[in-house]
Structure formats: C-alpha cells, structure tokens
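Since the structure comes first, as structure tokens, the remarks are kept for the end.
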2 protein chains.
Amino acid sequence: MSLSLGFTASPSELLRVGPGFSLAAQPTNASPGFSGRKDDGAAALAERAPVLARLQEQLFAESRFGCRKSILLVLQAMDTAGKGGIVAHVVGAVDPQGVQLTAFKAPTEEEKAHDFLWRIRPAVPRTGMFGVFDRSHYEDVLIHRVHGWADAAELERRYKAINDFEAELSAAGTTVVKVMLNLGAGEQLERLRARLHDPTKYWKYSPGDLDERANWSDYMDAYQKVFERTSTATAPWHVVPADKKWYARLAVQEILIDALASLNLQWPAGNFDLQHERARLKDA
Amino acid sequence: MSLSLGFTASPSELLRVGPGFSLAAQPTNASPGFSGRKDDGAAALAERAPVLARLQEQLFAESRFGCRKSILLVLQAMDTAGKGGIVAHVVGAVDPQGVQLTAFKAPTEEEKAHDFLWRIRPAVPRTGMFGVFDRSHYEDVLIHRVHGWADAAELERRYKAINDFEAELSAAGTTVVKVMLNLGAGEQLERLRARLHDPTKYWKYSPGDLDERANWSDYMDAYQKVFERTSTATAPWHVVPADKKWYARLAVQEILIDALASLNLQWPAGNFDLQHERARLKDA
C-alpha cells in the first residue's frame, strides 16, 4: 500500500512500541515521518479518507461470503487529547453501517460485580465491522493503578488477562490496533482553557478534569507499564504525538489503512451464476 | 431555519403524508421543491452537512445537562431504493459518537418467539442520540401482509401497537421521522442490472431480490395501508421520490434538519462557575 502523500516513512512502524520503549522520551508535538505542515496534513487526510472507507467496505463485503475478519481500534489518552476528534474525523469517513463504536464510561454497579473484561467482550466487532473502543479494558490498569484500586498482583493478573484476550481476538480474525494519543501536559492546559473561552465548548468542560490532571506523572508511569506488559507482536501499541491534532488524525488514519491493506481484501465474486442472473434480469 | 439553497419549499411539508394520500399518484423520478439539478443537489448536500452535524452535536450536548431529547429516523423502502446511501451520505455527515444505527434483518428464532416490538424497543436511541432504523417494525406490517403471514385482524392489532409505541416515544422526547424512499419499478430493474455489471457491486446482489420483485404491486398496496393507518400527527410519514439518488439524499437531509431545528437546541452553559474555573486554570 503506497503511503499517503507527505509521509516519508510508515507511521505504523515509526510509532509502534517495541522493546526498550520509553514514553518519557517521546516528543508530543512532533510529526514523525510527515514532511508537510498543517495544511498538507488536512489535504492528505481528505485524500486518504476514501481509501479507508473502501477498505472497510471490502472487509464488510467479504464478511457476507464467509470471511471472518474484523478490525478493532482501541483508543486511550488523557482528557482533551483528541479521541473524539479521531472518531469524528478519521472513523467518520467510514460508512456508519460498517462502524461499531463503544465509549466505555465509569462502570455500572452490574459491571463492577463482574471481572473487568465482562463488559468488554460483548462489544468486540462483528465480522466485517470496524470496531472502535473509546477508552477500553486498559482503564482497569491505568486509572486503577493511579488510584490504587488494584494492587500489584491484581494488575499483573489483568495484564495477562488482557494479552490472552487480545491474542484470542486476533486468532479469531480481529486485527487489534491500539493507539495512545500522547498529549503534552502544557497542551492539555491550553485546551482546557480554550474550552472555557468558547461557549460552544463549555459543555465539554468538567471541573474534575483539572483534579485528575494532578495525577499526570502517575498516569504516565501507568502508561509506560502498560506498554511494557501489553505491546505484543499480534497487538502492538502505537504512541501517536497528539499536540498537533492534524498529525494525530493523519497518523491514525494511516495506521488503520496499513492494517486493513495487509489483509489483502478483494471484492467478492458473489455466490450466484453471473451469466444466468444477467439473463434473468434481461427478461424481467 | 432557512431552507437549503435551491429548495423553494420545505420537503418536510411537501412530502408529508396527509389525509387522502395516494402512493400510486406519486411520481418517483421527480424532485419536488428543488429548483436545481444533480450538481446543484450534490453541492447543497455538502453545504448542509455541517448544519445537520452541528444540530446533532447540540442535541448531544444538551443531553449532558438533563435534556431528554433524541431523534429517530425510520427508513423503509424496496430493495435498491437507496437506504444504504442515505445512511452513508446523510447520516454519515454526523459524528459517529452521536449515531445509533440498527439494521433489522429477518428475525432470529428468539425474536420470533416474542411480539414484534420486542426487538425494536431496546434499539430506540438514548437521549442525545440520532437513532436510525434501517428497516424497522414496519416490516411486520409490510412483508407479513404481502406473504400472508399475518391476517387482517392481526395487522390491525399491529397498526395500533405501532401508533401507541410511537406516541409513547414521542411523549418521552424522541422525535420520530419516518421516511419511505419511493423507487420506481423500472428504476429498480436498472439498479439490479447495474450491480451485475460492476465487480465492486456483485456482493450486493442476491438472486432473491428478483423473486421479491414479483410482489411489487402487493408491496405498494401494503405501503398505502401503512400510510393510511400510521401517518399520525406526532409521527407522520414522508414519501420521498427516490429514482434520483441525489434528490432523495438532499430531501431526507432537509427533513432531518427541519426536525432538529424545531427543537430550538442551544449550547448548554455548563453546570460550573465559569469565572471560578477560569481562575483555577490560570493558576494551574
């Protein structure tokens, strides 16, 4: 699959978390592998949107003829990092008929009465679908670690359960694409301020966001541990610099295109006799 | 709400099913109320897409502060009439985070073991959401009437159950927008033929579509009866000429904009002290 105009190297490879990865060493305001600027990025995003949409349609079409593949984008990030923008501007280019989006909020009492994967499993994408998790099972090893709601042994159990779960998904035909939008603490402050100076964005502001911000470095430690424990060969993490919204969207789009392109999707031939059906329609 | 460029009259009013309506008298290849042609229609659709998206975002935003409103688009049509195109090109302009789409297929054994509304009720949109039914509870008074799976008394029971259900939805804050895409039989034949001459569309073709086509006039009778029995003041039907795809999309978009605009949505002020929060952020 040819790269998007402006990419000099694949973000799937550049941003993948491998051995020895250090979150603290990653710049948040960079645009790795992309030679252009904001306008070029917006143009490239628009240009590549139909490519992503067509790939998903092929995935859907193949599922009608026995193919058991699907894709799942797992999105994690600090508040204001732009998960919503990824959904609106990257996933939004895909036909809604092919998208299965779940936003995981604070668990209900019923969900809390089960193990943490209980509410996750029913939300995995059907065959042919593009699943999106806006937050995910990773909250149970992030916020739970930061606030001490799970001890070290329990966290280890969860990392292992997550790896087993994702390996099972992958073996059953789901390509798992994990993305952490890596926002700088300074940029978050700017974005929170902007919300309080735009009446169309007041509704997005919650005083609690500022409280949670006090735990920033604990969250970074928790993410580092997540990457060490759960960036596997079948379900690797990608850490995407997110201070530049245009870059984050473009990079995630390209990572998704890459993942779908590697499935070598084709338009199905259909399970009928083409000439016979053409003749039937001629006489209809 | 000002009309889309090119509309000389509101499609919500022009296409609404009122007393004395006759489906047989409706042209399928017209573009009522729109003065432009295909290119103008495509331009208008693109121009109005952000208006629809913003209205839905306001609906969603208000739901975060106690507002209990939602919208539900019910789509019914003969095969190839363009339901999928409405979802992709009209609903597709709305943020996926605000869309709740359900495609109703042939019922499962479990669904058949319940009354027909049993599988419908859990799919109604959450507050703040834009729900879409691709096919719906109306299948139970359309295909069931055509194939004689329900007798006259049972059909009457269902019309009443549907009206009660939709009145209840409406009273609870859901604006119900019902659309039948009115395709001509000749245009359907053209579209089926086109599917068999485009390898990217073979997968959409099913030999059964041609069999069902033999029941065309029975389906038209069943739709006529549906309009007579279930086009109510709170949940009226709209019959949209669908031979011109560009017109059908534009008209449905405008009907949805009209429905949302009538809710007088506003950006919520937020439930915090603006000056206090600005000061907190200044010191952060």
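The values are calculated or read from the model by the stated rules, or taken from the named source; none is laboratory data. Everything numeric here is computed off the predicted structure, so don't read it as measured data. Every residue, glycine as well, gets a Cβ built from its backbone with ideal geometry; the counts of neighbours run over all protein chains shown.
Before moving on, here are some points about what is shown:
- Residues that are within 11 Å of chain A (Cβ to nearest Cβ) and part of a loop (DSSP other than H, G, I, E, B), drawn from the stretch B:79-125: B:V90, B:V94, B:D95
- Residue check, A:Q76 outside any helix (DSSP H, G or I) and of a type in the set (S, T, N, Q): yes
- Single unsatisfied condition, B:K38 versus (1) within 30 Å of A:G98 (Cβ to Cβ); (2) under 20 Å from the mean Cα position of the chain (by Cα): (2)
- Check on B:R278, out of contact with any strand residue (DSSP E or B) (no Cβ under 6 Å at 6 or more places or on another chain), in a helix (DSSP H, G or I) and in contact (Cβ under 8 Å) with a residue 24 or more places away in the chain: no
- Among the criteria (1) on the phi < 0 side of the Ramachandran plot; (2) charged (D, E, K, R); (3) touching a residue at least 12 places away in the same chain (Cβ under 8 Å), the one B:R135 does not fulfil is (1).
- A:R37 being closer than 30 Å to B:A49 by Cα, more than 12 Å from chain B (Cβ to nearest Cβ), touching a residue at least 24 places away in the same chain (Cβ under 8 Å) and out of contact with any Lys or Arg (no Cβ under 6 Å at 6 or more places or on another chain): no
- Just one of the listed residues (A:A248, A:A235) is assigned to a helix (DSSP H, G or I), touching a helix residue (DSSP H, G or I) at 6+ places or on another chain (Cβ under 9 Å) and either surrounded by 15 or more Cβ atoms within 10 Å (Cβ to Cβ) or basic (K, R) (or both), and it is A:A248.
- Residue in the stretch A:261-268 that is more than 14 Å from chain B (Cβ to nearest Cβ) and more than 30 Å from B:D209 (Cβ to Cβ) present: yes
- Here A:F272 passes the criteria (1) in a loop (DSSP other than H, G, I, E, B); (2) more than 9 Å from chain B (Cβ to nearest Cβ) except the one numbered (2).
- Residues in the stretch A:185-231 that are under 25 Å from the mean Cα position of the chain (by Cα), within 14 Å of chain B (Cβ to nearest Cβ) and closer than 30 Å to A:R158 by Cα: A:A185, A:Q188, A:S206, A:G208, A:D209, A:L210, A:E212, A:R213, A:N215, A:W216.
- Considering residues of the stretch A:41-67 that are without any contact (Cβ under 8 Å) to a residue 12 or more places away in the chain and under 21 Å from the mean Cα position of the chain (by Cα) only, the residue farthest from the other protein chains (Cβ to nearest Cβ): A:A46
- Index of the failed condition, B:S70 passing every other in (1) in contact with a Lys or Arg (Cβ under 8 Å, 6 or more places away or on another chain); (2) within 14 Å of chain A (Cβ to nearest Cβ); (3) surrounded by 21 or more Cβ atoms within 10 Å (Cβ to Cβ): (2)
- So B:H137, is it within 11 Å of another protein chain (Cβ to nearest Cβ), under 19 Å from B:M180 (Cα atoms) and either of a type outside the set (F, W, Y) or surrounded by 19 or more Cβ atoms within 10 Å (Cβ to Cβ) (or both): no
- When B:R145 is tested against (1) of a type in the set (D, E, K, R); (2) in contact with a strand residue (DSSP E or B) (Cβ under 9 Å, 6 or more places away or on another chain); (3) closer than 17 Å to B:F227 by Cβ; (4) buried (at least 20 other Cβ atoms within 10 Å of the Cβ), exactly one condition is not met: (2).
- For the condition modelled with pLDDT under 95 and among the hydroxyl-bearing types (S, T, Y), B:T8 qualifies.
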